[in-house]
Amino acid sequence: MKIAISGATGLIGSALKAFLLRNGHEVDEISRHRGRGLHKSQIFWNPDEDYIDIAALEGHDVIVHLAGSNISVQSWSATYKKEILSSRVKSTKLLVDTIQKMNKRPKIFFCASAVGYYGNQDPYLKINERSLAGQGFLPKVCQEWENASADLILYGVRLVHMRFGIVLSKKGGALAKMLPLFYFGLGGRWGLGHQKMSWIALEEIGSIVEFIMSRDGINGPVNFTSPNSVTNREFTKILGKVIFRPTLLPVPAFVIRWLFGEMGQAFLLDGCDAIPEVLQKAGYQFNYPDLRGALQQIIKSGR
Ligand SMILES: NC(=O)c1ccc[n+]([C@@H]2O[C@H](COP(=O)([O-])OP(=O)(O)OC[C@H]3O[C@@H](n4cnc5c(N)ncnc54)[C@H](OP(=O)(O)O)[C@@H]3O)[C@@H](O)[C@H]2O)c1
């Protein structure tokens, strides 16, 4: 397949690109960085100015849209919250408008989203793709982000919203931020640790994308989460055991709120048990179904 990926320089995009290339697909990057050396496989765009090289995008069978300013990089000021939302909605709308004008439209459009769609939920409640959106900033971002591509169905494009759980990798994201503290023996649960963490190994994402490409019946929201979510308390214990470190230093909820404000509440203290119902019903077999095995593999492989 000929596949174009936006955000291909990011954590998920670079791993997905490498996976798809290894499996014989042709992959082009949709990027904002002409300056970094525009090569044949780059499609230049500037979502802020509604510009994309439409001729270069034409002819791709699949578009995977991951781009958006980093959500967990700093505490959320009002200005940064606008940036988080607009970088996703504007770029999605630009791609949708461009696809509408194409002579040959892609067959599938994958658009990133997150289990943040469901907001903070009772840890005992199983959440699937039919569950309603939650309350707060992240559910609002995810809903507007998903709605921005809804028109693609009218143009005959198969639309898949990838609701990612916490993506686990040594190379970036939440785990990479936690590991140094845990290695120093300073790891501990967040708050009471009852919040559910729906997670997915970075290395699983390529297999899922390829599985969905091969199954015409899958469309709409898909939870990109392992079938075995854990509480933060369990996550902390398992990570400590995998790297042979104690995890005796809990971080009280008020400290998290004081240090990171609304972002800390949403990322560290809230959670939900999002099960991958669509994937399981379609018969997808997970390579990394349980946390201990996934963490062992991530630590060993450095990915
Ligand atoms: N990692 C996770 O745990 C996780 C969990 C849930 C959802 N997600 C979502 O999945 C997507 C990919 O995640 P990731 O972790 O790979 O993100 P990432 O490492 O932060 O990469 C995102 C990419 O988006 C592009 N980008 C950044 N700011 C932008 C802006 N203002 N306008 C347009 N493009 C911009 C960049 O590509 P260029 O510089 O090449 O343009 C960047 O490489 C994100 O939308 C993220 O919110 C991630």
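Read-outs: derived from the displayed coordinates by stated rules, not from any lab. Because the structure is predicted, anything quoted here is derived from the model rather than measured. All Cβ positions, glycine included, derive from the backbone under ideal geometry; neighbour counts span all protein chains shown.
Values for this structure:
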| read-out | value |
| --- | --- |
| Flagged links, alpha-carbon separation over 24 Å, of LYS140/LYS177; LYS82/LYS171; LYS177/LYS241 | LYS140/LYS177; LYS82/LYS171 |
| Beta bridges per DSSP with both ends in the chain, % antiparallel, nearest 5 | 10 percent |
| Prolate/oblate/rounded label for the chain (Cα gyration tensor, a/c 1.5) | prolate |
| Computed over region 157-303: relative contact order in percent, which uses C-alpha pairs under 8 Å that are six or more apart | 36 percent |
| Loop-located chymotrypsin sites (Phe, Trp or Tyr not before Pro) in region 89-128, at most 12 other Cβ atoms within 10 Å (DSSP) | TYR124 |
| Helix-derived mean residue ellipticity, 222 nm - over the chain, DSSP H n ≥ 4, -39500 (n - 2.57), to 500 | -11500 deg cm²/dmol |
| Nearest-20 debye value, region 25-148 charge dipole, Cβ charges on Lys, Arg, Asp, Glu | 100 debye |
| For the chain, built as a Gaussian network whose Cα springs stay under 10 Å, the top-fluctuating residue of LEU179, LEU57, LEU95 | LEU179 |
| FRET E, pair PHE184, ALA18, Förster distance 30 Å, beta-carbon r, rounded to 0.05 | 0.45 |
| Span from the region 68-90 Cα centroid across to the region 252-287 one, whole angstrom | 18 Å |
| Among ILE153, PHE184, SER75 the positive-end extreme of the charge dipole of the chain (Cβ point charges) | PHE184 |
| Cβ-based charge dipole, the chain, positive-most Cα from LEU11, LEU248, VAL141 | LEU248 |
| Low-density loop cleavage sites - chymotrypsin sites (Phe, Trp or Tyr not before Pro) in region 211-303, where at most 13 other Cβ are within 10 Å (DSSP) | PHE244 |
| Among 86-93, 130-137, the order from most to least packed when residues are scored by Cβ within 10 Å on average | 86-93, 130-137 |
| Computed lengthening from LEU259 to LYS104, 0.36 nm per intervening residue step minus Cα-Cα distance | 50.9 nm |
| Net dipole in debye of the chain [+1 Lys, Arg Cβ; -1 Asp, Glu Cβ; about Cα centre; nearest 20] | 760 debye |
| Rounded FRET efficiency, nearest 0.05, which uses the C-beta distance separating ALA55 from ILE243 and R0 of 41 Å | 0.25 |
| Residues HIS194 and LEU132, FRET efficiency given R0 of 25 Å [Cβ-Cβ distance, rounded to 0.05] | 0.70 |
| Region 136-209, Cα convex hull volume normalised per residue, Å³ | 125 Å³ |
